1. I want the local charge near Leu221. Using Cβ-Cβ distances under 14 Å, sum +1 for each Lys or Arg and -1 for each Asp or Glu among the other residues.
2. What length, rounded to one decimal in nm, is gained on full extension from Glu212 through to Leu413, with 0.36 nm per residue of separation minus their alpha-carbon distance?
3. Under 10 Å from the Cβ of Thr162, count the other residues' Cβ atoms, weight Lys and Arg +1, Asp and Glu -1, and hand me the total.
4. Each residue of region 471-484 in turn: what ³J(HN,Hα) in whole Hz from Karplus with 6.51, -1.76, 1.60 and θ = phi - 60°, glycine and Pro shown as x?
5. How high is the FRET efficiency between Ile57 and Arg443 when r is their beta carbon distance and R₀ equals 41 Å, given to the nearest 0.05?
6. Which trypsin sites (Lys or Arg not before Pro) in region 176-266 pass both tests, a DSSP loop state and at most 10 other beta-carbon atoms within 10 Å?
7. Nearest 5 percent is fine: what portion of the DSSP beta bridges confined to region 192-324 is antiparallel?
8. Calculate the FRET efficiency for Arg503 and Asp472 from the Cβ-Cβ distance with a Förster distance of 35 Å, rounded to the nearest 0.05.
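The values are calculated or read from the model by the stated rules, or taken from the named source; none is laboratory data. Quick caveat, the model's predicted, so the values are computed rather than measured. Glycine gets a Cβ as well: all are built from the backbone with ideal geometry, and neighbour counts include every protein chain shown. Surface accessibility is based on the protein's heavy atoms, side chains included, excluding ligands, DNA and RNA. Shrake-Rupley method; radii C 1.70, N 1.55, O 1.52, S 1.80 Å.
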Amino acid sequence: MSLPSRSNIYFALATAIVAVSSTAAVSGSSRESGFYSSFERLGKVLVKINDVYVEEIPSDSMTEAAVRGMSSILDPHTAYFAEKESEDLKIHTQAKFGGLGITIGIRENVLTVISPLSGTPAQRMGIQAGDRILEIDGKATRGITVDDAVSKLRGTPGTQVTIKVWREGFTQPMPYTITREIINIESVPYAGMLPGKVGYVKLVQFSEPTGEELEKALLDLKAKGATSFILDLRYNPGGLLTQAVSVSEMFLPKGRLVVSTKGRIMSQNTEMGSQRDPIVDTGAPLVVLVNGGSASAAEIVSGAIQDWDRGVVLGTQTFGKGSVQTIFPMDQKHLLKVTTAFYYTPSGRCINKKENGVRWLRDQADDSAKTDSAKPAKGPGFDDDLGAEIDDGSAPDTTLDTLKHKSFRTKILGRKVWDAGGILPDVRVTGRRLNSFQQDLERKNLFFRFAIYLKPKLLAKGKLDTSFRATDAQLEEFRRFLQTDSVKFSFDSPEARLLKEIRKSVKRDSLRGEKYQGPDRAAIRSRLDALDSALSKANESLFSTNRDYIREGINREVLMAVGGTRGSTPYELSLDPQVAEAVKLLRDPARYRQVLTKPKAAPAK
């Protein structure tokens, strides 16, 4: 008896799919009939490709491509996870894994330790920020990606990994054999006191331990005398819905709605509220910091605080990721993460922004808009209802098309809020923006590299702690460091890059004989040379004009190299314009109350 061919097996599978779909379609609605008809077509396409395609394609690859291809019409958060990706998702939600306890990155094409985490095996073994990892278990890391390095360094707790590192100031690479342990990812990497008895908490994710960590931090701040609080949710990508509720109920009175979800099926329509007494007294002033990196669970918390008039949301508009994902096991190795509902704040606003919604619907709307000649007029930007504008001139005004967005009222004071996608702050304060010279220094990691270079010299002179501040002599040393053979820093300004492109264009057109011949070309060349000279002179003064920022960059990275996040955060907060505005607001009760004021009723006509 001969075995059936693979094409026959595919055909049998497709036939079975067709049979099942036909049976379901008989008793189902027309929508279901259409779905199963399309499903039948997919089966036929797979069979035909398998039978006649010029080269043999593995069935797993075709299935994988078909499944992942669906994401092109769904939302950005519906995803299909293979085995390794499933493990990464588990790490994100549980906030723990087996590893060494180091943050790594690629610096100058070399795998480099950015910072060891406090209390981890790597930190106890003496691994330092700036160490370059040359080998992992005897294999060179040249050309390795961060993801590949992470997979090699992580592993079962109790197992060992040997890394060979090169360190500034040493002449030979050093091997370290480190035993892996369970590494817990902190949700609260920093909490501390700011001037005016202001308690500050930085929350970076919403994982299983988040509520417990935050409660401990808040109780500690209260014990230290905090009478008002800043909850920093900037760049927090979100996480578990249950932890968003847990965080919210630490500030809201018991029994308050935190978030509701609404989906296509009834089981996805839920309401979740605070079920315990708050940790922070509900009369204690509160500011929640947000920005464009605040998403999902971070938006649930800030939206609930805002809608119940419990505190002031300060910063810039959040990301607008207001969708619920449900995870379905597909087999022993794969998971399907599907968007099944949207989040709504207590006032009824949908958090999800259009750009983060269903791609197919967005494409349909875009196509419709192209054929519609009527364009709605733009409404006003930030007005008294939308938020008090504080603009340092570093960013353009945010505008809101009020014709496209519905307004809602907060639950206690009736302040107007909008379903603009994400959470619009009550007080808008832009973050710090860098000029092109500063961006170039940061992009090339020059402060980090200088701190690693400087640290051994500082330690040789005595104790190095968080009181470090760069001297004028160290600034000059940084200037010389930029010109060393290993760095050779040259600032290529946007103007200089544009000038190069103009020169190329002029030369290209002249060679083709199209224009810029003879005297004209000489005149253009002379003027470009003069402009080049002027830019060079301007560049020479850049170090002096950016001296304060350079000092701050050196301070920040040396403090990070000395004490990790806890060593550098207090200093960084002292320079943060959004934190400064939050502290100023909390220390001005009259202004705080003014932001959280019930709007005056319109006069009777």
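1. Working: positive: Lys197, Lys202, Lys216, Lys222, Lys224; negative: Glu213, Glu215, Asp220, Asp232, Asp281.
That sum, taken over residues with Cβ under 14 Å, equals 0.
2. Working it through step by step, the gained length comes to 69.3 nm.
3. Numbers: positive: Lys164; negative: Glu135, Asp137.
That works out to -1.
4. 8, 4, 5, 6, 5, 5, 5, 5, 4, 5, 4, 5, 9, 5
5. On the way: r = 41 Å, r/R0 = 1.00.
Efficiency computed from Cβ-Cβ geometry: 0.50.
6. On the way: sites: Arg180, Lys197, Lys202, Lys216, Lys222, Lys224, Arg234, Lys254, Arg256, Lys262, Arg264; in loops: Arg180, Lys197, Lys224, Arg234, Lys254, Arg256, Arg264.
Here the trypsin sites (Lys or Arg not before Pro) that fit, given the DSSP loop and packing criteria, are Arg264.
7. Values: 7 of 21 bridges.
Just about 35 percent of them are antiparallel.
8. Working: r = 39 Å, r/R0 = 1.10.
Calculated transfer efficiency: 0.35.
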